[in-house]
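Values in this text are rule-based calculations from the coordinates and carry no lab data. Everything quoted here is computed from the prediction, not taken from an experiment. In this analysis, Cβ positions are derived from the backbone assuming ideal geometry, glycine residues included, and neighbour counts consider all displayed protein chains.
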């Protein structure tokens, strides 16, 4: 079964995992900044500087994630009856802006280095720092993907995406340092520009996903299919229509209309709706389900365009 359907993790456990993932992200990025700063100062490499700026953006984005996840996990209150889950895609959108800004800065700096070449020193120090950065990033990504698989968090997915980008930038930076050591100094700014363009692409991907969630994009077709299958599986349900879904943080909001026998008493209709709701919540523990009962003789509204 598709992972999007298998949302069976306990909400309390999901909250603990999300917080732990944000703490791990901030700690890893902070360590990498210290190492890359030392390497950039010792080597004078613009590609190492690019990697440093990327890690600084990681810390800023991870801090945003830390605050957003903490806020999104707060229970609904009088002013936010649907909860605070939209804080996660807002954090993703802020990350996209941070990442895009860092990419533009890197392109400008790399172009300046192309126009005004400078010698590189102690390239081996940079290589050693980057090897450590790659190892630390791989460990963090393994943990983040474990959390994403269980929680489907947009904020953590955005965080993992730019840490995955870090692996590419670190590898490209190591290659640039190697080529510079072999007598190709212009490889350093050229690779920095390539890294920056890839970062821009990643920022666009993160921003698009965040905007879709903020615009209440429907849940995946697999989820829709499962909801309809559950509702139609009840013996007293004549049909369903107007199924609407959206996601906010860790909560699925699901609305649908059940078509029931015209002569069914209100008490029985309510009981059928409760049973369908319980079955849907059993499949999606983090779901908020709203069901309306309609007489089977009433024609359903025209469906929305696909």
(request) Could you work out the Kirkwood radius for region 14-57, taking every pair of different alpha carbons, averaging 1/r and inverting it, reported in Å? (result) 11.3
(request) Please express the shape of region 46-200 as an equivalent ellipsoid: the semi-axes are the square roots of 5 times the eigenvalues of the C-alpha gyration tensor, given largest first in whole angstrom. (result) 36, 16, 10
(request) Measure nothing but the geometry: give the 0 to 90° angle between the long axis through the Cα atoms of 11-43 and the longest principal axis through the Cα atoms of the chain, rounded to 10°. (result) 10
(request) Evaluate E = 1/(1 + (r/R0)^6) for residue 212 and residue 97, where r is the Cβ-Cβ distance and R0 equals 22 Å; express this FRET efficiency to the nearest 0.05. (result) 0.85
(request) Could I have the simple spin-label model distance between residue 198 and residue 67, label points 7 Å from Cα toward Cβ, reported in nm to one decimal? (result) 3.0
(message) Rounded, prolate or oblate for region 155-293? Axes are the square roots of the Cα gyration tensor eigenvalues, ordered a ≥ b ≥ c, and the cut-off for rounded is a/c under 1.5.
(response) prolate
(message) Neighbour counts of other C-beta atoms within 10 Å: give me 297, 153 arranged from fewest to most.
(response) 297, 153
(request) Taking every pair of alpha-carbon atoms in the chain, give the share separated by more than 24 Å as a whole percent. (result) 59
(request) Could you work out how far helix 154-181 tilts from the main Cα principal axis of the chain, as a 0 to 90 degree angle to the nearest 10? (result) 20
(request) Give the calculated FRET efficiency between residue 74 and residue 274 to the nearest 0.05, with a Förster radius of 30 Å applied to their Cβ-Cβ distance. (result) 0.60
(message) As an exercise, take the mean of 1/r over every pair of distinct alpha carbons in region 221-295, invert it, and state the Kirkwood radius in angstroms.
(response) 12.4
